[in-house]
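The values are calculated or read from the model by the stated rules, or taken from the named source; none is laboratory data. Please read these numbers as outputs of a predicted model, since none were measured by experiment. Neighbour counts are summed over all protein chains in view; Cβ atoms, including those assigned to glycine, are modelled from backbone coordinates with ideal geometry.
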Amino acid sequence: MTLLSARGLRKAYGRGDALVRAVDDVSLDVEPGETVAIMGPSGCGKSTLLHLLGGLDRPDAGTITLDGRQVDQLGERGLARMRRDAVGFVFQAFHLMDELTAVENVELPALLAGRSPRAARRHALELLARTGLADRARFLPSALSGGQRQRVAVARALVSDPVIVLADEPTGNLDSAATLEVLRLFDDLHAAGQTLVIVTHDSRIAATADRLITMRDGAFIDETRLTGGTSGSLARLAGLDG
Amino acid sequence: MGRPWLIARLVLRDLRHRPGQAVLMLLAITAATATLTLGLALNGVTASPYLRTQAATNGADVTASVFPSGTSGARPADLAALTPLASAAGVTAASGPFPVAFATLRADGHAVPVQAQGRDQSAAAVDQPLVTQGTWVRPGQVVLERTFARAVGVAVGGTVTLDGRPFRVAGLAVTAAVPEYPGVCYYMTCNSPAGQAEESGMGLAWLTAAGARSLATPAAPLSYVLNLRLRDPAAATAFAAAHGPVAVTGPGSPSGPALLTWQQVQDADNDLVSVAQRVLAPGSWIAIALAVASVAVLAGGRMTEQRRRVGRLKAAGGGPSLVVVILLAEHLLIALVAATAGLGAGWLVAPALSSGGTGLLGAPGLPALSPGTVGLVMAVALGVTLAATLVPAVRAARTSTVRALADAARPPRRRALLLTVSAWLPVPLLLGVRLIARRQRRAVLGAASTAVTVMGVVAVMAAHRDADVATARFNWFAGLPDPVFGRVSQVMAVLTVVLVALAAVNVIIAGWATAVDARQPSALARALGGSRGQVSAGLSVAQVLPAVPGAVLGMPLGVLLFAAANGTGQVLVPPASWLTALLLGTLTAVAVLTFIPSLMTARTAVAPLLQAETFG
Amino acid sequence: MQQEVVLAMLAKEPSHGYELRARLRQALGPVGEELNAGQVYVTLARLEKAGLVVSTAAPGVSERPDRKVYELTADGQQRVAAWLAEVDWPRPDLTEFHLKLIAAFTARLADPLAIVDAQRRELLRRLRDAQRAALAEPDTSDAALLLEGIVLRLQADLRWLEACERTWTNRRSRP
């Protein structure tokens, strides 16, 4: 059964001459455990699409079904609940609270959902251990590197055991070493069966996906399955021929 | 084009760009300066009113009166006992003896006993009452004491009857020789034929000597009064002790002049004044404190959201000094306009409160607003604005352009205890407490502002109780409204309204500033699953919660303030029901006033805020 | 197999053929798995012919190449030093692809965009494979660094392909 199903999504901004169709009649299906990457030039509407899928914004038209429930017509409360329980969001700018330690940042969605502070703390520590940051749990974000901060953000997205994790340019603010950290993490999540939708213009991140969708001017223009053999060998790639 | 012109243009453009904030700041400073003006006007005015009146009227150091005694005027007043006093040792000047008749004044449906002194049209050497409205005595016309006239409701040009005979009111005057209405007979220096009961609430009036004589009847003959000036005013008490009984004990008392010293009149007047002072002194200081605090909070709070503007200015090539000048110029301009408006508002209101009776509130002829007050108010408004904006302006100008553009304000401080505790609270309280923890200084300022307001209201409440107590002593009025209490009540009401209005403006501004500051964390909280209602409630909690200790603290402080300022050190605690109502009312008011900005922040679209890049 | 690479492997000390192969394997990781054993010995033979290397067989042991001991000559050492100082960087063949697109367009043989897309897909798959291999390597492995290099090069190539796609889309929309 499809985990996430969107049909005919539309979202536009502005009016008249300044009208921008950020999302123009987009349909998408995501299977459980799948990693889908959406690539495209800046301004093509990929972030807007993710906001629609994550309940941070409402579509002008179209339907979204998540885990069997239709969510595009939900009221404000329903969307908040969805953001809380069903969807984990990872932002390009991390958006960690500067005055909270790593573990306090991670447990925040659980506290907002009303879980007991002790249970939330325990779960948060588990997740930090899973992302390899157990020894940094009590550090403030200012004491963490970019890659570590984003990993904390990913842990935060996982604290409510979401059915799907949406990541908006997760490595946009990271250098290549930090990108590798986050990449490894996404790979681990994928191996653990987490469903991921990642918006990126980093082909390395896109390469971790099962499916890659290319977007331009608000619409999908290409879809590629990345699993499956290639025609090249590593040795040739390394220049070892001849 | 010169730099001043450039600065002016930038400032004006900036103000036009965000008119709402400028208007709010303008309103707040206007309210604050109006309050300050009022406070200063009231404060300076209750000091030693008696002495001013005495100086303005060539007041007497001692007055001597003789009365007829025996029933129905059997024994006429002994004028012979009076006249030698004019040449007694230590006397430098005298006026009189003037004839005094006791009559019944009827006006506007009231019937009041009145002491009518006969006077010459020319000025007396000692105790010439100062006419504040209209003219001095003329044949067929009467001059009334100012406070008395107000109580009876008679104006210049109106008609009153004395013992049935009509007289036109020529003018209103004030004197220092006799305690002010309703204390005319305070020292029992009256001798109304009808007896003591009628002496309470007796008024004072002046006629021509012929007019006074015409009021005398065989049954109620004339009394006489002589006004004396001594070489050594401080020796008045000794003089009075040496020359006659100080107080008369009623008809049939031993003859001999009844002498009244100026110190006794001052005490009587001050007794009346002190009631008002008990309210006005603390009230005016509270108003001043709240006004200054609100300007500081406002100006300082506005600086935090200047940083973006600073960034733009610097990115456009402005150097740090230019930036500082522009920011300061903008704030000082607003402060200048607002202070002028506030002065005007204060000037309009103050006379209504300060032009009471002579000895009570303000000496006759003093303008309500002195140049000193104007100067002080302007200096305070501009000075506090300058002080509150200089430090943040310099700091803002020094921040690196990049950080300013990224709107990286002072990073929030971390309070581990609050964070741990908040985890155990329901979600709106969790959010509210964490918002407070982020910006502690603002929460403290909010609490202080509430404390000062509550302090003021409680002091006024205590004064109200005190006025109740005080006027219990004065409840010998002939059916007329108590002018003292009435005026004092009016003043208290106005003061309370002003304090509350100022506090309300403060709360609105603080609420709006907090809401702006909390936009990003609110958006994040919503992205992580908080509902709009929870976030809005959290923002309100962040405002209301600091108000609780503020209100609770303000109550004992208000009682103490009143005790300290009322001159007697008496501690008066308003009733518990009033205090409870005040506490609940304050918290409700804060919640209501901050509801709209909180709601608006909670409703802002989440996505655009989270798209913004934040550094670090 | 680049000759200079094999020379450099002998710079430290003379070694047996099989030692040489083992060292290469260790440095290349999975990339080296596809390396034909024979390729190394062919290169060694060529180097010997060129006088950069001498081989000696241990007495009593067969003349099999993996048993022989190889050693650098003075010329060989010079060659290694010179090679180490070189900064020439092997370039990928962009020109061929670029001309491929133009040819397809002008001769109307195929849609350049389709070619670009197909190439992109292929490179993405290769990137995925290389990245997979890189992630599977332990942190201490030398090969991980090599794989990282492959990945980053592919990434750069993909960025160029994106640029090709943008350009050829615009070119197509123009009359």
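Closer than 30 Å to A:Phe139 by Cα, in contact with an Asp or Glu (Cβ under 8 Å, 6 or more places away or on another chain), assigned by TED's automatic domain parsing to the domain that holds B:Leu579 and modelled with pLDDT of 75 or more: which single residue out of B:Arg439, B:Arg434 fits that description? Don't jump to the end; show me each part of the working.
Details: B:Arg434 fails: in contact with an Asp or Glu (Cβ under 8 Å, 6 or more places away or on another chain).
Only one candidate passes the filter, namely B:Arg439.
Could you grab the pairs with beta carbons closer than 9 Å, sequence gap of 6+ or different chains, first residue in segment A:102-113 and within 9 Å of chain B (Cβ to nearest Cβ) and surrounded by fewer than 24 Cβ atoms within 10 Å (Cβ to Cβ), second one assigned to a helix (DSSP H, G or I) and not acidic (Asp, Glu)?
Filtered contacts from segment A:102-113: A:Ala113/A:Arg81; A:Ala113/A:Arg84; A:Ala113/A:Ala120; A:Ala113/B:Val427.
A quick yes/no check of all residues on (1) closer than 23 Å to A:Gly54 by Cα; (2) touching a helix residue (DSSP H, G or I) at 6+ places or on another chain (Cβ under 8 Å):
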residue	(1), (2)
B:Ala493	no, no
B:Val497	no, no
B:Ala513	no, yes
B:Pro521	yes, yes
B:Leu524	yes, yes
B:Arg532	yes, yes
B:Ala537	no, yes
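Looking only at strands (runs of 3 or more DSSP E) that lie completely in segment B:50-134, which have at least 2 residues being farther than 29 Å from B:Gly153 by Cβ? So that I can check it myself, show each step before the final result.
Details: elements: B:62-66, B:91-107, B:110-119, B:130-134.
Qualifying strands (runs of 3 or more DSSP E): B:62-66, B:91-107.
If a residue must be touching a residue at least 60 places away in the same chain (Cβ under 8 Å), on the phi < 0 side of the Ramachandran plot and not in a helix (DSSP H, G or I), how many such residues does segment A:172-206 contain?
Residues flagged as touching a residue at least 60 places away in the same chain (Cβ under 8 Å), on the phi < 0 side of the Ramachandran plot and not in a helix (DSSP H, G or I) within segment A:172-206 amount to 10.
In the set A:Asp29, A:Asp24, which member is within 17 Å of the chain's Cα centre (by Cα), of a type outside the set (Ser, Thr, Tyr) and part of a strand (DSSP E or B)?
Details: A:Asp24 fails: within 17 Å of the chain's Cα centre (by Cα).
Answer to the check: A:Asp29.
Can you name the helices (runs of 4 or more DSSP H) wholly within segment C:88-175 that have at least 3 residues being over 20 Å from A:Leu212 (Cα atoms) and more than 10 Å from chain A (Cβ to nearest Cβ)?
C:94-106, C:143-173
Anything in segment A:8-34 that is modelled with pLDDT of 90 or more and over 21 Å from A:Leu56 (Cβ atoms)? List them, or say none.
A:Glu31, A:Pro32, A:Gly33, A:Glu34, listed by residue number.
Any residue in segment C:162-172 that is under 18 Å from A:His201 (Cα atoms) and among the hydrophobic types (A, V, I, L, M, F, W, C)?
Here is the first cut: in segment C:162-172, the ones under 18 Å from A:His201 (Cα atoms) are C:162-167.
Okay, now just the ones that are also among the hydrophobic types (A, V, I, L, M, F, W, C), so C:163-164.
Checked segment C:162-172: at least one residue is under 18 Å from A:His201 (Cα atoms) and among the hydrophobic types (A, V, I, L, M, F, W, C).
Condition first: among the acidic types (Asp, Glu), part of a helix (DSSP H, G or I) and within 15 Å of the chain's Cα centre (by Cα). Now tell me which residues in segment C:8-64 satisfy that.
Of segment C:8-64, the ones among the acidic types (Asp, Glu) are C:13, C:19, C:33-34, C:48, C:63.
From what is left, the residues that are part of a helix (DSSP H, G or I) are C:19, C:33, C:48.
Passing the criteria: only C:Glu33.
For a quick check of your reading of the model, give me the residue pairs whose first member lies in segment B:503-530 and is away from chain A (no Cβ under 12 Å) and more than 29 Å from A:Ala113 (Cα to Cα), whose second is basic (Lys, Arg) and buried (at least 23 other Cβ atoms within 10 Å of the Cβ), with beta-carbon atoms closer than 9 Å and at least 6 apart or on different chains.
B:Ile509/B:Arg302
Name the residues in segment A:145-163 that are part of a loop (DSSP other than H, G, I, E, B) and either touching a helix residue (DSSP H, G or I) at 6+ places or on another chain (Cβ under 6 Å) or among the basic types (Lys, Arg) (or both), would you?
Pass one, segment A:145-163, residues part of a loop (DSSP other than H, G, I, E, B): A:145, A:159-163.
Correct list: A:Val159, A:Ser160.
Could you check segment B:374-424 and list, in sequence order, the residues that are of a type in the set (D, E, K, R) and modelled with pLDDT of 75 or more? So that I can check it myself, show each step before the final result.
We begin by selecting, within segment B:374-424, every residue of a type in the set (D, E, K, R); these are B:395, B:398, B:403, B:407, B:410, B:413-415.
Listed by number, the residues that qualify are B:Arg414, B:Arg415.
Which residues, taken from segment A:66-101, are polar (S, T, N, Q) and more than 9 Å from every other protein chain (Cβ to nearest Cβ)?
Of all residues in segment A:66-101, those polar (S, T, N, Q) come to A:70, A:73, A:92, A:101.
Residues satisfying the conditions are A:Gln70, A:Gln73.
For the condition of a type outside the set (A, V, I, L, M) and closer than 14 Å to B:Ser65 by Cβ, what is the one hit in B:Phe102, B:Phe148, B:Phe167? So that I can check it myself, show each step before the final result.
Values: B:Phe148 fails: closer than 14 Å to B:Ser65 by Cβ; B:Phe167 fails: closer than 14 Å to B:Ser65 by Cβ.
Going through B:Phe102, B:Phe148, B:Phe167 in turn, the sole match is B:Phe102.
Is it the case that segment A:57-65 has a residue that's surrounded by fewer than 24 Cβ atoms within 10 Å (Cβ to Cβ), free of Cβ contacts under 8 Å to residues at least 12 places away in the same chain and more than 7 Å from chain B (Cβ to nearest Cβ)?
Within segment A:57-65, not a single residue is surrounded by fewer than 24 Cβ atoms within 10 Å (Cβ to Cβ), free of Cβ contacts under 8 Å to residues at least 12 places away in the same chain and more than 7 Å from chain B (Cβ to nearest Cβ).
Are any residues in segment B:50-64 surrounded by fewer than 24 Cβ atoms within 10 Å (Cβ to Cβ) and within 16 Å of B:Ala240 (Cα to Cα), and if so, which ones?
none
Exactly one of (1) out of contact with any helix residue (DSSP H, G or I) (no Cβ under 7 Å at 6 or more places or on another chain); (2) on the phi > 0 side of the Ramachandran plot is unmet by A:His95. Its number?
Answer for A:His95: the failing condition is (1).
Among the listed residues B:Leu207, B:Leu228, identify the single one that is within 16 Å of B:Ala88 (Cβ to Cβ), at pLDDT 85 or above, outside any helix (DSSP H, G or I) and in contact with a helix residue (DSSP H, G or I) (Cβ under 8 Å, 6 or more places away or on another chain).
Working: B:Leu207 fails: within 16 Å of B:Ala88 (Cβ to Cβ).
Among B:Leu207, B:Leu228, only B:Leu228 is within 16 Å of B:Ala88 (Cβ to Cβ), at pLDDT 85 or above, outside any helix (DSSP H, G or I) and in contact with a helix residue (DSSP H, G or I) (Cβ under 8 Å, 6 or more places away or on another chain).
Any idea which of B:Leu51, B:Leu6, B:Leu15, B:Leu27 is at pLDDT 75 or above and in contact with an Asp or Glu (Cβ under 8 Å, 6 or more places away or on another chain)?
The match here is B:Leu15.
Quick check on my filter: what residues within segment C:18-50 are within 14 Å of chain A (Cβ to nearest Cβ) and of a type in the set (Ser, Thr, Tyr)?
The one that is within 14 Å of chain A (Cβ to nearest Cβ) and of a type in the set (Ser, Thr, Tyr): C:Thr43.
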